[in-house]
Structures are given as structure tokens and as C-alpha cells.
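Participant: Take this structure, written in C-alpha cells, and hold onto it; I'll ask about it next.
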Amino acid sequence: MSDKDIELEIQAKGLTAPRVTPADIEANIASVEIVRFVSESGQVLRWAVTTTQNGSSVVGKPSCAVSAANDNKELGEKIALDNSKEEIWPLMGYALKERLASD
């Protein structure tokens, strides 16, 4: 199930308590840099270095094409960025919990 499907299900169930949404994560991204590395064995790895609005940088797991012949820049960058967003999610969840605890 994709993040989009999950978001639609949350909305359909009327769950309205404070939470971190995919749109919140997108809005919190100030910039993204893609780092590409080719190993000695020919594997192509890409990391997305994602900088948030407060200047903190996050890196997720890399995308990896085992064979350089299967490497696709667009797909590799999308996977790397999705992996980086997965790292932002818990950080924003923690920040939200802190704000809710102080109210």
C-alpha cells in the first residue's frame, strides 16, 4: 500500500487528530541533493541528502542498481528520495509529540 493510499484511507476514516502528513513532509523539504556512487563491482548507488526547513540534513538508504545496465537515473533518484522521506517522518512525528506535550 502506497503512502497515497494510506493517506486516503486515514481521511476516509475521519481520523483528524494531529499527525504528520505526506504534505507536511513535502513542505518541510527545503532542498535535495542526489549523491551518485559507482562501486568497483559496478553497482550504482544513489543517496538523497534532504535538507529540511530548519537546516537539518537527512539521508535515507540508497537506491541500488546491482548492474550498471539496469541503472535508471530517474528511478534511482525517486527511490533515494522516498527513502530519505522515510527518515524525516519519525523526526517530524517526534517534534509534533513534543509540541502536543507542551500544550
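Participant: Mind grabbing the accessible area of L15 for me, 1.4 Å probe, Å², rounded to tens?
Facilitator: Probe radius 1.4 Å; accessible area of L15 about 100 Å².
Participant: To continue, here is another question. Apply the Debye scattering formula to the chain, with a single equal point scatterer on each alpha-carbon and no solvent, then give log10 I(q)/I(0) at q = 0.11, 0.15, 0.19, 0.22 Å⁻¹.
Facilitator: Treating every Cα as an identical point scatterer, log10 I(q)/I(0) equals -0.43, -0.71, -0.96, -1.12.
Participant: Once the Cα atoms of helix 3-12 and of the chain are each reduced to a long axis, what angle between those two axes, in degrees from 0 to 90 to the nearest 10, is obtained?
Facilitator: 20
Participant: So for region 13-59, Kirkwood radius off the Cα pairs, Stokes-Einstein at 4 °C and 1.567 mPa s: how many µm² s⁻¹? Numbers along the way, then the final one.
Facilitator: Working: Rh = 13.1 Å.
Rounded, D is 99 µm²/s.
Participant: Hey, what D do you get for region 50-93 in µm²/s if you plug the Kirkwood alpha-carbon radius into Stokes-Einstein at 37 °C and 0.692 mPa s?
Facilitator: Working: Rh = 11.4 Å.
Using the Kirkwood radius from Cα pairs, D works out to 289 µm²/s.
Participant: For the full complex of protein chains and a 1.4 angstrom probe, list S102, S31 by accessible area with the highest value first.
Facilitator: Highest to lowest solvent-accessible surface, that is S102, S31.
Participant: I would also like to ask the following. Are there any GluC sites (Glu not before Pro) in region 1-66 that are in a DSSP loop and have at most 12 other Cβ atoms within 10 Å? List them by number. Could you put the intermediate results ahead of the total?
Facilitator: Values: sites: E7, E9, E26, E33, E40; in loops: E40.
Sites meeting the loop and neighbour criteria: E40.
Participant: Leaving ligands, DNA and RNA out of it, report the carbon-plus-sulfur percent of the accessible area of region 1-76 at a 1.4 Å probe. Mind showing how you got there, number by number?
Facilitator: Numbers: 2770 of 5160 Å².
Carbon-and-sulfur percentage of accessible area, whole number: 54.
Participant: Taking only protein heavy atoms and a 1.4 Å probe, what accessible area per residue, in Å², does the chain have with all protein chains in place?
Facilitator: 69
Participant: What trypsin sites (Lys or Arg not before Pro) in region 13-44 are in a loop by DSSP, with at most 15 other Cβ atoms within 10 Å of the Cβ?
Facilitator: Values: sites: K13, R19, R36; in loops: K13, R19.
The qualifying sites are K13, R19.
Participant: Find out how many positive minus negative residues lie around T51, taking Lys and Arg as positive, Asp and Glu as negative, among other residues whose Cβ is under 13 Å from that of T51.
Facilitator: On the way: positive: K85; negative: E33, E87.
Result for the neighbourhood of T51: -1.
The values are calculated or read from the model by the stated rules, or taken from the named source; none is laboratory data. Predicted model, so just to flag it, every value in this text is computed and none were measured. Virtual Cβ from ideal backbone geometry, glycine too; neighbours counted across all protein chains shown. The area values use the complete protein model at the heavy-atom level, side chains included, leaving out ligands, DNA and RNA. Shrake-Rupley method; radii C 1.70, N 1.55, O 1.52, S 1.80 Å.
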